[in-house]
Amino acid sequence: MDSSVEAHRAGGAWPARLDVAQSATGLCLAAFLMLHMAFVSSILISERAFYTVARFFEGQYLLGTSHPAIVSGVAAVVLLLFVVHAALAMRKLPHDQHQLGAYRRHAARFGHADTSLWGWQAATGFALFFLGTIHLYGMLTRPALIGPFESADRVWSGRMWPLYLVLLFVVEVHGGLGLYRLALKWDWPRGVDRTRLRRLKTAFSVFFITLGLVSLGAYVRIGIAHADHAGERWTPALSTAGR
Amino acid sequence: MSAPTPRRLTIHILRSAPGDDATPHFEAFRIDESEGMTLFIALNEIRANLDPSLQFDFVCRAGICGSCGMLINGRPGLACSTLTHDLGTEFTLAPLPVFAVIGDLSVDTGRWMRAMSERLETWIHATTDADLDAVEPRMEPALAEAIYEADRCIECGCCIAACGTAQMRPDFVGAVGLNKIARFRLDPRDEREDADHYALVGNDDGVFGCMTLLGCHDVCPKGLSLRSQIAYLRRGMAAQGLR
Amino acid sequence: MRIFYTDVLVVGGGLAGLRAAVGARRRGHDVTILSLVPPKRSHSAAAQGGMQASLANTTKGAGDNEDVHFEDTVRGSDWGCDQVVARMFAHTAPKAVRELAAWGVPWNRVTAGTREVVMDGKHVTLEEPALAHGLITARDFGGTKKWRTCYVSDGTGHAMLYAVSDRAIAEGIPVHERKEAIALIHDGGRCHGAIVRDLVSGDLTAYLARATCIATGGFGRLYRSTTNAVINEGMGAAIALETGAATLANMEAVQFHPTAIFPAGILVTEGCRGDGGVLRDAAGHRFMPDYEPEKKELASRDVVSRRMEQHLRAGHGATSPFGQHLWLDITLLGTAHIDGKLREVKEICRNFLGIDPARDWIAVRPAQHYSMGGIRTDATGAARGLVGLYACGEAACWDLHGFNRLGGNSVAETVVAGMIVGEHIADLCESSDGDLTFSTALAAEFLSREEARLGALLHGGGAESPVALMTRMQTLMTDNVGIFRRGDLLQDAVTELRALSVRARNLHVGTQRRGANPELVTAYRLQRMLKLSLCVTEGALARTESRGAHFREDYPRRDDATWLQRTLATWPDPEQATPTLAYEPLDVMSMELPPGWRGYGARDAIEHPDTERRAREVAALREARPAADRHALQAALLPFLHLLPPRLRGPNARAGGDA
């Protein structure tokens, strides 16, 4: 037995690494998601607030000048986490029609919440392959175009709002479920009550979806108002309020 | 005083006989409910009066031996300790999925469990035989009780039948297997170390394959805390793998 | 012709069979186990309360040793047991517990310091010594002088069965599941194995073996009201009986457990009373002290069951739609104790009675529980009448229990007998007697005989319903051959059982499937079960005395003068309608503990003429050697160590020294 144990020890660390990595990337992405929403929703305070936050992330207040490449860098890191997480999680998805059928039959027959919820988790995860990638690619390639007008124009004149609308639901449901599953998977907090945790999960999704919808509405509103000037960049002097 | 009219039960049973050409199909049986009727009593009544060829497995009929796991309205459970009173007047019974069907409600859990035991070596590994004449080695009372918590598993197969992963991946050891390793990890009489445990369950057919759908935890007839046992094992195995 | 060869064929995958198999396997022999069900489903798992072994770790076990355990066992048996076997057993039980501990059984342990317990209905504080902390603890059980029953909550049998079954897997012993031995292959003097039916495919195979060991458990399903699992139909004993050469013994010695839940008949452990639970009647009155002032609820099972039925007859039963019953009250033990040490009881009460035993009383009534009788073996487990045939556990009449078994002595017997018999089987395999001289013609003859029997059942065109006859037999046994027995009722039962046997030759099996066919199984088992029922009933009718669990209202006294004998039943001619009974006297002059009063129950035995002489002899021997240690004295009275395998002969150490 010892030799086989040695063999496993030699090449066998990967399953543990991958499992931890799947959880860790998920946790990081969920954390990012929350920060991101806080950032995006600053538009609800004022255009200036959002502008300030955007410039902050470009390093303006630390470095003295804006460096949109920093945003690209962040987007690149997030994209990397995203790809790694997707690749790791993909291992758990049904591999073929047979497995998919087995799961669906099981879930339908069993009528068990945590089993059915996983179907949603998997489906939203699958959708994120596309939705998330498109969004992240945009941020990666055009990092400078983040600002009250720039973002609003992207949403409205750039016809991105339908994608964002879907992405919002998908990502917040996935994130909520993912965090819920993570807490149960590692039993942290230790012995946490599942009913409470499930309520928390729902609250998470509802809260962020609501915040997202309201924020998206704000961008749409600005986007419509600014449609004639689409492409024009926002400066503190140009706020819609000041027009 | 006249007895109240008993309920008339309609029980839909999934019939099959491997080897016969007929595809599995539901057959309805109608019987009068008696007071305190369990599915053990109901099925025996059907066999005695309606269809002597009906196959099912009971041994202890007291919820102790784990023979009579089946899907009761799609949910895995022990038939012997299920009262018809707790079901509607119409319900379905089907064999546990994942396991090979012997016929009707009878499945071969024995072969599956033996294979699992051999694969995970579910026994105490000690290099020396105990001295039977000497006073037994001491053990903390609380530890003995903690071991028994996990040792109460009756290998009924309900956790496997309730596991989304096990439906999709036949090599997954399931909660029953993971709980065994958790049990032997606790036991100081077993000289195996975490490296050995990792060699057995440190992969996607083992603890890292568990997606925390918790069907196992929710259906376990003995009420084992499978969620925390598996999480505890996952943490240990992750730590071992990352070491 | 399908033939399968193995050195040792063990029929039955419960604790006894598994432990014997491990013993023979460790000696290097090929062992194959046959089991009706996956071994971990065996009825051994249903043993709840514990296993007796004189470890003497606890305060209330202090001073316990093999001598006390031996005497409790002999008294419990109402002097019906084989005292040499009781000695072998009491000596080996501590080793068995310790071996099981090493194999992983999570025995409950002693916690040093004070603890609250309930004794005789009152809360008492006990102090456990620091010296014992972490050693295996014990609870009280009926009929014992010391707290001797080692336990794992109330899942002792389960924990033991899993440890031993996993050990068998570790040893690589194959278990052929869902296989039933339906006949022993023999030539009248030597057993060569068994004809085995695959319960899934229906195929018959001749299993040829140097040694065959029957460990199929008891025959509780002869009764309608029983705590036994549905597989406990006594088929091992039945196929031994059908050889005509092997012998069954004491079949009338049937135990009724006081606390089966009513009406389902599911056992709740004696541990309930051992831990302080009491029995109450319809009025809530605790009645056992009225009948048994000394041991109360903790007299032996035969006595308590009888007193309960007596109390019911006196009109004190509680009424339910299913009939009369009494109450078991464990509410005084408290939720914490019930949740920790009586959790199976709690689950059973919840699932089958819909009550919480921490708050409500449990409806109970005695039900058939254990078969003291079985295949007669010698002290090594070798069956009388056929070389190469062994039996152990409940299937055997090794004769540890005589006419009443003490609670906690059955799971103990399974592993102890397994440890001993497994070694003796290995000895046989290694001797010249173990050579398998075998003709395939014999196997072919038995195979075709069994094929023909099954064929006749399937296609015989009879008219009788196997299920109906089975139900009638079970009802008859419960009604007429139960706790209180009477000559006329027993005679009625014999008459009707014979009639049922005749009708059972004319069975109708509607399902024509050769393979998995529950109706066919019921049919062929019914025929054998009727034979066993006749052995029980004829034995009970012939035994005109009361001893242990066998109680004759028309002969209420224990009659040592006439009946200090073991009943032997054989069935030499397949055509005969009833068993042939014979008797084997128990030798008072070689008893270490001559017959006397048990310390509970009636005190009116008719003495054996040798009893007084032997009692004087024993007393004189003790007096003559006042300085001798207890082992030397014991060896002079009743030598037994030579019958044990050498590895089991050592003295048992105790933490507190030898008492």
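The values are calculated or read from the model by the stated rules, or taken from the named source; none is laboratory data. Fair warning: this is a prediction, and the values are worked out from it, not measured in the lab. Please note: Cβ atoms are built from the backbone with ideal geometry, for glycine as well, and neighbour counts cover all protein chains shown. These area figures cover heavy atoms from the full protein model, side chains too; ligands, DNA and RNA do not enter into them. Shrake-Rupley method; radii C 1.70, N 1.55, O 1.52, S 1.80 Å.
Within the range C:468-488, track down each residue that is open to solvent by 50 Å² or more (accessible area, probe 1.4 Å) and either acidic (Asp, Glu) or in a helix (DSSP H, G or I) (or both). Walk me through how you get there before you give the answer.
Initially, the range C:468-488 is screened for residues open to solvent by 50 Å² or more (accessible area, probe 1.4 Å), giving C:468, C:471-472, C:479, C:486, C:488.
Passing the criteria: C:468, C:471, C:472, C:479, C:488.
Scanning the range C:210-226 for residues that are open to solvent by less than 10 Å² (accessible area, probe 1.4 Å), hydroxyl-bearing (Ser, Thr, Tyr) and in a loop (DSSP other than H, G, I, E, B) yields a single hit, C:223. When the criteria are applied in full, residue B:136 fails the requirement of being open to solvent by 30 Å² or more (accessible area, probe 1.4 Å) and facing chain C (nearest Cβ under 10 Å). Of all residues in the range C:610-648, those satisfying the criterion of being open to solvent by 40 Å² or more (accessible area, probe 1.4 Å), within 14 Å of another protein chain (Cβ to nearest Cβ) and in contact (Cβ under 8 Å) with a residue 60 or more places away in the chain are C:641, C:647.
Counting only helices (runs of 4 or more DSSP H) that sit wholly inside the range A:78-170, those with at least 1 residues that are at the interface with chain B (Cβ under 9 Å from one of its Cβ atoms) and either without any contact (Cβ under 8 Å) to a residue 24 or more places away in the chain or open to solvent by less than 30 Å² (accessible area, probe 1.4 Å) (or both) are A:97-110, A:113-141.
With respect to (1) in contact with a Ser or Thr (Cβ under 9 Å, 6 or more places away or on another chain); (2) more than 7 Å from chain B (Cβ to nearest Cβ); (3) of a type in the set (A, V, I, L, M, F, W, C), the lone exception for residue C:119 is condition (1).
Every condition in (1) touching a residue at least 40 places away in the same chain (Cβ under 8 Å); (2) surrounded by fewer than 18 Cβ atoms within 10 Å (Cβ to Cβ); (3) over 30 Å from residue B:163 (Cα atoms) holds for residue A:21 except the one numbered (3).
In this entry, residue C:47 passes the filter for residues that are open to solvent by 10 Å² or more (accessible area, probe 1.4 Å), touching a helix residue (DSSP H, G or I) at 6+ places or on another chain (Cβ under 6 Å), under 30 Å from residue C:286 (Cα atoms) and more than 9 Å from every other protein chain (Cβ to nearest Cβ). Among the criteria (1) farther than 20 Å from residue C:297 by Cα; (2) modelled with pLDDT of 95 or more, the one residue C:322 does not fulfil is (2).
Of the listed requirements (1) facing another protein chain (nearest Cβ under 8 Å); (2) surrounded by fewer than 20 Cβ atoms within 10 Å (Cβ to Cβ), residue B:236 misses just one: (1).
Going residue by residue through the range B:174-190, is there one that turns out to be more than 9 Å from chain C (Cβ to nearest Cβ), out of contact with any Asp or Glu (no Cβ under 6 Å at 6 or more places or on another chain) and farther than 18 Å from residue B:231 by Cα? Yes, because at least one residue in the range B:174-190 is more than 9 Å from chain C (Cβ to nearest Cβ), out of contact with any Asp or Glu (no Cβ under 6 Å at 6 or more places or on another chain) and farther than 18 Å from residue B:231 by Cα.
Of all residues in the range C:100-147, those satisfying the criterion of being part of a loop (DSSP other than H, G, I, E, B) and hydrophobic (A, V, I, L, M, F, W, C) are C:103, C:105, C:107, C:110, C:112, C:135, C:138, C:141, C:147.
If residue A:181 passes every condition in (1) crowded, with 21+ Cβ neighbours inside 10 Å; (2) more than 30 Å from residue A:232 (Cα to Cα); (3) more than 10 Å from every other protein chain (Cβ to nearest Cβ) but one, which one does it miss? Looking at each condition in turn, residue A:181 falls short on (3). If you go through the range C:250-266 and keep only what is in a loop (DSSP other than H, G, I, E, B) and open to solvent by 10 Å² or more (accessible area, probe 1.4 Å), you end up with C:262, C:263, C:264.
Note on the range B:195-219: among residues that are within 26 Å of residue B:74 (Cα to Cα) and in contact with a Leu (Cβ under 6 Å, 6 or more places away or on another chain), the one that is most open to solvent (accessible area, probe 1.4 Å) is B:217.
Is it fair to say residue C:319 is buried (at least 20 other Cβ atoms within 10 Å of the Cβ) and within 14 Å of chain B (Cβ to nearest Cβ)?
Details: buried (at least 20 other Cβ atoms within 10 Å of the Cβ): no; within 14 Å of chain B (Cβ to nearest Cβ): yes.
Taking the combined requirement at face value, the residue does not satisfy it.
Would you check if there is a residue in the range C:516-524 being more than 14 Å from every other protein chain (Cβ to nearest Cβ) and either under 30 Å from residue C:599 (Cβ atoms) or among the β-branched types (Val, Ile, Thr) (or both)? No, the conditions are met nowhere in the range C:516-524. Within the range B:82-97, the residues that satisfy the criterion of being at the interface with another protein chain (Cβ under 9 Å from one of its Cβ atoms) and touching a helix residue (DSSP H, G or I) at 6+ places or on another chain (Cβ under 7 Å) are B:82, B:97. Candidates in the range C:130-187 are the residues that are under 18 Å from residue C:40 (Cβ atoms) and of a type in the set (Val, Ile, Thr); of these, the one that is surrounded by the most Cβ atoms within 10 Å (Cβ to Cβ) is C:164.
Which ones in the range C:57-108 are under 15 Å from residue C:409 (Cβ atoms), within 11 Å of chain B (Cβ to nearest Cβ) and open to solvent by 10 Å² or more (accessible area, probe 1.4 Å)? C:91 - this is the single residue of the range C:57-108 that is under 15 Å from residue C:409 (Cβ atoms), within 11 Å of chain B (Cβ to nearest Cβ) and open to solvent by 10 Å² or more (accessible area, probe 1.4 Å). Among the conditions (1) modelled with pLDDT under 95; (2) outside any loop (DSSP other than H, G, I, E, B), the only one that residue C:657 does not satisfy is (2).
If we scan the range A:197-204, do we find a residue that is within 14 Å of another protein chain (Cβ to nearest Cβ), basic (Lys, Arg) and open to solvent by 70 Å² or more (accessible area, probe 1.4 Å)?
Going residue by residue through the range A:197-204, those that are within 14 Å of another protein chain (Cβ to nearest Cβ) are A:197-198, A:201.
Of the ones still in play, those that are also basic (Lys, Arg) are A:198, A:201.
In the following step, the residues that additionally are open to solvent by 70 Å² or more (accessible area, probe 1.4 Å) were identified as A:198.
The answer is yes, given that some residue of the range A:197-204 is within 14 Å of another protein chain (Cβ to nearest Cβ), basic (Lys, Arg) and open to solvent by 70 Å² or more (accessible area, probe 1.4 Å).
Enumerate the strands (runs of 3 or more DSSP E) found wholly within the range C:345-423, keeping only those where 2 or more residues are more than 14 Å from chain B (Cβ to nearest Cβ) and open to solvent by 10 Å² or more (accessible area, probe 1.4 Å). Before you say what the answer is, go through the steps one by one.
Working: elements: C:362-371, C:374-376, C:389-391.
Strands (runs of 3 or more DSSP E) meeting the threshold: C:362-371.
Is it the case that the range C:267-279 has a residue that's open to solvent by 10 Å² or more (accessible area, probe 1.4 Å) and assigned to a helix (DSSP H, G or I)?
Of all residues in the range C:267-279, those open to solvent by 10 Å² or more (accessible area, probe 1.4 Å) come to C:267, C:275.
The next check asks that each one be assigned to a helix (DSSP H, G or I); those that pass are none.
No, every residue in the range C:267-279 fails to be open to solvent by 10 Å² or more (accessible area, probe 1.4 Å) and assigned to a helix (DSSP H, G or I).
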